[in-house]
1. Name the long-range amide H neighbours of W48: under 5 Å, sequence gap of 5 or more, or other chain; modelled H, no Pro or chain starts.
2. Quick one: Karplus J couplings for region 59-68, per residue in order, coefficients 6.51, -1.76, 1.60, θ = phi - 60°, nearest Hz, x for Gly and Pro?
3. Suppose a student asked you for the relative contact order of the chain, using Cα pairs under 8 Å spaced at least 6 residues apart; what percent would you report?
4. Which whole-Hz couplings ³J(HN,Hα) result when phi for each residue of region 50-57 is put into the Karplus expression 6.51 cos²θ - 1.76 cosθ + 1.60, θ = phi - 60°, listed in order with x for Gly and Pro?
5. Have a look at L32, V49, I18 and report the one farthest towards the positive end of the charge dipole of the chain, computed about the Cα centre with Cβ charges (Lys/Arg +1, Asp/Glu -1).
6. Per-residue HN-Hα couplings for region 111-116, Karplus 6.51 cos²θ - 1.76 cosθ + 1.60 at θ = phi - 60°, whole Hz, x for Gly and Pro?
7. Evaluate the charge dipole of region 62-125 about its Cα centre and quote only its size in Debye, nearest 20, assuming +1 on the Cβ of each Lys and Arg and -1 on the Cβ of each Asp and Glu.
8. With labels modelled as points extended 7 Å from the Cα through the Cβ direction, what inter-label distance (nm, one decimal) is found for E45 paired with A105?
Amino acid sequence: KVEGSSFLFDASIKGPAISHLGQVPEGFWAILLIAIGATEQFRAEKGWVDPSEVPVDQPGLLKADYVAGDLGFDPLGLKPEDPEEFMIMQTKELQNGRLAMLAAAGFLAQELADGKGIVEHLQSM
């Protein structure tokens, strides 16, 4: 059984995925907000020129050596050294993420339509 077997939140989140967000404890959202804020602050400091040093006619100026999406996090050493290969890998990752979002939207739409989770649908086949 999948539902109710998670180690997160004492397995208290139940039902179709579309109803899960409302069941998450409030403290989790505060921690998530702080983590996202810290990550975005790091990204802003790495990628953008300090606003006090930017000409008035160029707000949001990126640093010359900044490559969008490259924050230097590569613990497994998978980042290609060749800039062209890096751009190809970056495009593949973006396309994979977009496909995953469409798949998740499909799961949620199905749950919204009949109230059954994806696992329930797979078990009924």
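The values are calculated or read from the model by the stated rules, or taken from the named source; none is laboratory data. This structure is a prediction, so every number in the text was calculated from the model and none was measured. Please note: Cβ atoms are built from the backbone with ideal geometry, for glycine as well, and neighbour counts cover all protein chains shown. Keep in mind that these areas ignore ligands, DNA and RNA; they rest on the heavy atoms of the full protein, side chains included. Shrake-Rupley method; radii C 1.70, N 1.55, O 1.52, S 1.80 Å.
1. K63
2. Those phi angles translate into x, x, 6, 7, 5, 5, 8, 8, 10, 3 Hz.
3. Reported relative contact order: 24 percent.
4. 3, x, 6, 9, 9, x, 4, 7
5. Selected residue: I18.
6. With coefficients 6.51, -1.76 and 1.60, one gets 5, 5, 5, 10, x, 9 Hz.
7. 260
8. 3.5
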